[in-house]
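Working notes for the structure below.
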Amino acid sequence: MNRRELLRATAGAAALLAVPAAARSQEKPKGFTLPKLPYPPEALEPSIDAETMTIHHDKHHQAYVDNLNKALADQPEWLAKPIEEVVANYKKLPEAIQPAVRNNGGGHLNHSWFWQMMAKPGTGGEPKGELLKAIEASFGSLDGFKKEFTNAALTQFGSGWAWLVVGKEKPLAVAKTANQDNPITEGGKAILGIDVWEHAYYLKYRNLRAKYIEAWFAVVNWNFVNELYAKK
Ligand code: MN
């Protein structure tokens, strides 16, 4: 068989195997979508103003979702995976798309968690039960935790996140990551995180990241964090 005949035979086989276009478009995974905010954009005031929440969710988070879908356009099986799995395993993807998936997949995962980790002031409850015991065993007290977490959030140079993670030596630990990295890529499990990108606070707090972090503690959804720790 010469090259031309081989090509013709291969094309014929491919045509026989091909799913009709209509069925294919229905089966094609639609990819990742922007989750709704679990509260109205003004719900976290005065800690976080409505305009910041709207831009942060509708523009920044949406852009991570759109760019992730674009980066994975030729990887339909990855478009159907849970986002946690994508971020944990992005190093298995072709090298050319790893940076885009790392940044935008991380952005989608981190923000999807972040919205749920906050609640209207006065409604988020407090650490209790096993979580409170773990905080006290790891940081001495809730205040001790807040100090260490605040320090991590303040000293993350440039954009990134500070995290409360399930620990290796103690029950819990504080960590920080640059850009949109998530501890899950290194096998870590975060149960609380704060976004310290300037887009998370600059409209209201300008350059005063410390003021933002202090105010943010009033909107932590401890009820959600209690649940995450129980399921760890
Ligand atoms: Mn953000």
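Only residues in the range 112-123 that are within 10 Å of L37 (Cβ to Cβ) and away from the ligand (no atom under 11 Å from the Cβ) count as the first member; pair them with residues that are outside any loop (DSSP other than H, G, I, E, B) and not aliphatic (A, V, I, L, M), Cβ under 9 angstrom, at least 6 apart or cross-chain, and list the lot.
Q116/F224; M118/W216; M118/F224
List every residue pair whose Cβ atoms sit under 8 Å apart, with the two residues 6 or more apart in sequence or on different chains, where the first one lies in the range 96-107 and is more than 15 Å from T33 (Cα to Cα) and the second, anywhere, is open to solvent by 40 Å² or more (accessible area, probe 1.4 Å) and away from the ligand (no atom under 16 Å from the Cβ).
Once the first residue is more than 15 Å from T33 (Cα to Cα) and sits in the range 96-107, its partners that are open to solvent by 40 Å² or more (accessible area, probe 1.4 Å) and away from the ligand (no atom under 16 Å from the Cβ) give Q98/K91; A100/K70.
If the Cβ limit is 9 Å and pairs must be 6+ apart or interchain, which residue in the range 178-203 that is farther than 19 Å from N104 by Cβ pairs with which residue that is assigned to a loop (DSSP other than H, G, I, E, B) and at pLDDT 95 or above?
G188/N182; I191/M117; L192/M117; L192/N221; I194/M117; Y201/I48; Y201/L208; L203/D49
Checking R209 against (1) among the charged types (D, E, K, R); (2) within 16 Å of the ligand (Cβ to nearest atom); (3) under 14 Å from the mean Cα position of the chain (by Cα): exactly one of these is not met. Which one?
(3)
Could you tell me which of the residues K92, K59 is basic (K, R), at negative phi and within 16 Å of the ligand (Cβ to nearest atom)?
K59
Given the criterion within 13 Å of the ligand (Cβ to nearest atom), aromatic (F, W, Y) and closer than 28 Å to A50 by Cα, identify the matching residue among W222, W197.
Going through W222, W197 in turn, just one is within 13 Å of the ligand (Cβ to nearest atom), aromatic (F, W, Y) and closer than 28 Å to A50 by Cα: W197.
Counting just the residues of the range 170-186 that are in a loop (DSSP other than H, G, I, E, B) and open to solvent by less than 20 Å² (accessible area, probe 1.4 Å), which one comes out nearest to the ligand (Cβ to nearest atom)?
Per the criteria, the residue is Q180.
Only one residue in K189, K211 is over 26 Å from A50 (Cα atoms) and either surrounded by fewer than 21 Cβ atoms within 10 Å (Cβ to Cβ) or not aliphatic (A, V, I, L, M) (or both). Which one?
Numbers: K211 fails: over 26 Å from A50 (Cα atoms).
Testing whether each residue is over 26 Å from A50 (Cα atoms) and either surrounded by fewer than 21 Cβ atoms within 10 Å (Cβ to Cβ) or not aliphatic (A, V, I, L, M) (or both) leaves just K189.
So, in the range 100-119, how many residues would count as being over 21 Å from P46 (Cβ atoms) and aliphatic (A, V, I, L, M)?
Residues that pass the stated criteria total 3.
Kindly evaluate V65 against the criterion of being more than 21 Å from Y201 (Cβ to Cβ), within 13 Å of the chain's Cα centre (by Cα) and away from the ligand (no atom under 16 Å from the Cβ).
It is false that V65 is more than 21 Å from Y201 (Cβ to Cβ), within 13 Å of the chain's Cα centre (by Cα) and away from the ligand (no atom under 16 Å from the Cβ).
The values are calculated or read from the model by the stated rules, or taken from the named source; none is laboratory data. Worth saying up front: this structure is predicted, and the values here are computed from it rather than measured. Methodologically, a virtual Cβ is constructed for each residue, glycine included, from the backbone with ideal geometry; neighbour enumeration extends over all protein chains shown. The protein model used for the area step is the full one, side chains on, heavy atoms only, and it has no ligands, DNA or RNA in it. Shrake-Rupley method; radii C 1.70, N 1.55, O 1.52, S 1.80 Å.
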